[in-house]
Amino acid sequence: MPVPTSPLPALLPVLLLAAPLQAEDMAEMPPAAIGEIPGPALEQALQVTVRLTDLDTREEFLGSGFVYGPEALVVTNAHVAGEHEQLAAHFGSESDEWVMHLRRLALDRARDLAVYRMTEPFDLPTLRAADTPPRVGEPLFALGAPLGLGQSLSGGHLSHPARQVDPAVPQRYYQHDAATNPGSSGGPLVTAAGKVVGVNARIADGSRLFNGVAYAVPIAQVDRLIAGELPEVPSLGLSLRPLTLRMHHLLDPRLPGRVLVETVIPESPAARAGLRPGDILLRAGTRELFRPGDLAFALEERHGAMLELAYYRPGATPDGAFPETLKVTLHLAAAAAPLSLAPVARLPLGLTLSEDRRRVTGVAPDSAAFAAGLAEGDRIEAVNGDTAARLDPAHLDGAVLLRLSREGRSLHILLDPAAEPSLKRPVTGNALDPDVIPF
C-alpha cells in the first residue's frame, strides 16, 4: 500500500500530535458531541474518507467515498461512480495526499450504491457499522468532500429514521441535518463514536446547496449489496398517482383504495396482465397499498417472478352495485433501468369540445380548464370513471375527474370550474407531474 511520507495530519491543531490509531483502539475511543472538538474516533473516520476521481489525465473530481468493513471495500453512490469501472481514491489532505486505484465490485443504480475493491493491500483501520440504527435526535456527522474540499466534517442530528424519497424504489433513507453539498455524495454518515450508519446520497429535491435536509442510505443496504441480497427493481410499465379524497369521492366514495393507475405502456408487464388506466390498486401480494410507494416494497418482498395484484375498475359494474375486486398476476422480466415516462405536457386550455364531446378543440387562457392542465387535442376517455359519460361544459356545476388520452398516453386531470388559474403553472414546454410515479 502506498504510504504518506509523513504522518497523516489531524483535523484540528489541538490534535496534531495524535499518533495514527490502530484497529483495536476503536472500541476505546471517547465519543464527541455536537459543539465539541471532534474526538479521535472522528479523526480516524476522516483518515479513511476519500475523494474519488476518474483515472484519466484530468483526474476529474466525482464525489466522496469511504473504506468500509473487514475487506477494506470502498463505498460510494452509484451516481458518483457513473459508468467508471475503475476509480482513484485520494487519501489525506492536499499537502500530504496519496492515492489508491479501485475496481468496481458491485453496483445498484436504483438504490444509488456502488462498491469498489482496492487493487493493493490496505492496512489502516476501516470504518465499521454501528451496532444499532440511529435514533431521532442522535448526533451524527457527515464526512466527505463538499464542493471538492476533502477531509471535511459537519455535525447535525437524525431528523427522521425512515424517509422513502423515491416512491418507485424500495428504500428508506435517514434524514438528517448535518450540512452536505455537491461533492458530499458517497461520504459516510457516522455516529460520535465513529461508527458508520449511512452513505450520504442527496439533499432536498430542488436544492442545489444544503438547506437543512439531507438523506443517507442506511449502511444495512450496503451490507445487503455486498452479500448479493438486494433484489433488482423491475420495470412494470405503468405509472401511479395517489388517489386524493376529492378524486375518490368523484369516482365512488364507497370504495377503498388510494392508488390510481395513471398510465399503462403497451406490451409492458402491466399491459400484458390486463391493467388499464383508471384502475384502482388495493393490494400487491400481502401488502395493502395506501400510497404509490407501497408497491415498491411489495415488489421487493415478492417470491419469484410473479406478483398478484388486487384492484377494481370503476364503471365496470351496473349502477348501485359494489364493484368486484379483481386479481391479476404480473409476470416480471429481469430488471431493467427504471422506465422513464415522457413528461406530462401542461398546455393552455379553452374548453371547447367536438360535437361528440370527446375531444378538446379549443383553448382559452386564464380559465378553469387552463388551471387544470387540459390541452387542445386531448381525448376524454372517462368522466368520474364512467367511459359512457359525456362532459357538458355548459352545465358543469362541480368538479369532475377526467381520464384523458394525450399523444398515446393516458392521464387523469381534476377539472374544477371554481378553480383559479395559477400563475405558477407552466404554459409551454414540458412539466413532470410530481404526483405521478413510474414503475
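Things worth noting here:
- Residues satisfying the stated conditions in segment 136-161, i.e. assigned to a loop (DSSP other than H, G, I, E, B) and either under 17 Å from Val196 (Cα atoms) or among the acidic types (Asp, Glu) (or both): Val136, Gly137, Glu138, Ala145, Gln151
- Qualifying residue in segment 217-229 (condition: closer than 21 Å to His331 by Cα, of a type in the set (A, V, I, L, M) and buried (at least 18 other Cβ atoms within 10 Å of the Cβ)): no
- From Glu59, Glu138, Glu71, residue being surrounded by fewer than 22 Cβ atoms within 10 Å (Cβ to Cβ), of a type in the set (Asp, Glu) and touching a helix residue (DSSP H, G or I) at 6+ places or on another chain (Cβ under 9 Å): Glu71
- Matching residues in segment 71-95 - criterion: being of a type in the set (A, V, I, L, M, F, W, C) and assigned to a strand (DSSP E or B): Leu73, Val74, Val75, Leu87, Ala88, Ala89, Phe91
- Checked across segment 16-31, the condition of being farther than 21 Å from Leu147 by Cβ, at pLDDT 55 or above and in the same structural domain as Ala145 (by TED's automatic domain parsing) holds for no residue.
- Qualifying residues in segment 96-135 (those that are acidic (Asp, Glu) and assigned to a loop (DSSP other than H, G, I, E, B)) - the one surrounded by the most Cβ atoms within 10 Å (Cβ to Cβ): Asp112
- Restricting the first member to segment 268-295 and to residues that are buried (at least 21 other Cβ atoms within 10 Å of the Cβ), and the second to residues that are modelled with pLDDT of 90 or more and assigned to a helix (DSSP H, G or I), the beta-carbon pairs closer than 7 Å and six or more apart or on different chains are Ala284/Leu295; Ala284/Ala298; Leu289/Leu295.
The values are calculated or read from the model by the stated rules, or taken from the named source; none is laboratory data. Being a predicted model, the structure only gives us computed values, none of them experimental. In this analysis, Cβ positions are derived from the backbone assuming ideal geometry, glycine residues included, and neighbour counts consider all displayed protein chains.
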